[in-house]
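Reviewing the structure listed below.
The values are calculated or read from the model by the stated rules, or taken from the named source; none is laboratory data. Given the structure is predicted, the values throughout are model-derived calculations rather than measurements. Here the Cβ is made from the backbone with ideal geometry for all residues, glycine too, and neighbour counts use every protein chain on show. Side chains are part of the model used for accessible areas, which takes the heavy atoms of the whole protein and leaves out ligands, DNA and RNA. Shrake-Rupley method; radii C 1.70, N 1.55, O 1.52, S 1.80 Å.
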Amino acid sequence: MSELRFMTAGESHGPALTAILEGLPAGLSIDIEAINCDLARRQQGYGRGGRMKIERDKVEILSGVRFGQTLGGPITLRVVNRDWENWTDRMAVMGEPMGEKVTAARPGHADLTGIKKYAREDIRDILERSSARETTMRVAVGAVCKQFLHAFGMEVVSHVTNIGGASIDAAKVDRRMIGHTDSELNCYDKEAEEEMKSRIRAAKEAGDTLGGIFEVIVRGTPLGLGSHIQWDRRLDAKLAAALMSIQAIKGVEIGAGFACADLPGSRIHDEMFLDETGLVYRKTNRAGGLEGGMSNGEDIVLRAVMKPIPTLMTPLHSVDVGSGKEVLACKERSDTCAVSAASVVGEAMTAFVMAQALCEKFGNDAMVDVLSAFGNYRERVRGMGET
Ligand code: EPS
């Protein structure tokens, strides 16, 4: 069985960004507006930079879909860069090099390591691909995967829990409302959101940047996705790797995560009980829906921490790869804070991994067969007391 996989292509200031998603079954109805809604959500965020005023990210589907339904073949997605018209000379595919070379490396970005590894002379040859602009296509891919998950009663949502050290008060967040907000920071604690905005304003005025934490929740997950049998089949490892692969992410935790260091087993492991119908239930979910490398039927709960964006308007000390001298880092146009955008990318990457796990367990030829296999499995495990 071919697994579900995707790749993206394109430079931040090239003509367009593309992605190919292969492995979804035939017969899935595709809603283009739902993809565009997530692309717009990724562009939002208090503290985003000037680029977001230029782009109006909308997806085109170039293959794999006919009359609104998937065909089982590779789905090609494209988002054009409106900014391209300002870069046709400096980002030309052919012709002589144009434009000033970027030679002052930014601490925290791929700049210095990248041009040494790939033997380039212009840091732009690296930053065009290392830019967070690439996440546009991950969101498009993830939005398609969310539609696949929806057919199985699953939903992926997120919220921002910390920006620049300003954290939500979890007691003030109605977790049932997560996923249904118009908050421009994707935050559900209004007081904390105001403090986050205040810190973003202060950072912007100081020419600095901020990072933060977002939480991704998967609702409606059946038990038994992933496997305890091999290191590379553990669903928790795949989810952690997917979130860690997002630009600027420096830490991932699942459920109670790092709090496991402070608490004894009696306050970490989720005790199980039987309801009056004999079904298993839990009163806690510190495992974050994952035990033994497998989904256990509870909500999957993941958190990721994003480092402050490396492009500072008050540049840090660095080196110039042209002159070989110490300099102040280059000032590329950038955001002050993009944690809300990263939370949408986190949803997308999580949706992709969950879709991959569904296809791995239930097949991926035709929706009718995948749905049938899913239904039979749910019936069998429910008989064994599934939550
Ligand atoms: C981004 C696009 C980029 C940056 C930013 C986020 O566009 P441009 O380089 O033209 O301004 O604004 O990328 C970064 C901050 C980074 O360090 O990669 C986007 O589309 O999210």
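Some observations on this one:
- 0 to 90° range, to nearest 10: angle between helix 32-43 axis and the chain longest Cα axis: 60 degrees
- Restricting region 226-281 to GluC sites (Glu not before Pro) that sit in a DSSP loop and have at most 14 other Cβ atoms within 10 Å of their own Cβ leaves GLU271, GLU276.
- Between SER183 and ASP232, residue separation times 0.36 nm minus the direct Cα-Cα distance comes to 13.9 nm.
- Angle between the chain longest axis and helix 190-205 axis [Cα atoms, degrees, rounded to 10]: 20 degrees
- Between region 71-139 and region 232-279, the alpha-carbon center distance in angstrom: 35 Å
- Rolling a 1.4 angstrom probe over region 5-381 with all protein chains present gives an accessible area of which 54% lies on carbon and sulfur atoms.
- Against the chain, whose longest principal axis is taken from its Cα atoms, helix 235-244 shows a tilt of about 20°.
- Region 154-179 and region 343-362 have Cα centres lying 20 Å from one another.
- Rolling a 1.4 angstrom probe over the protein heavy atoms with all chains in place gives region 5-381 an accessible area of 47 Å² per residue.
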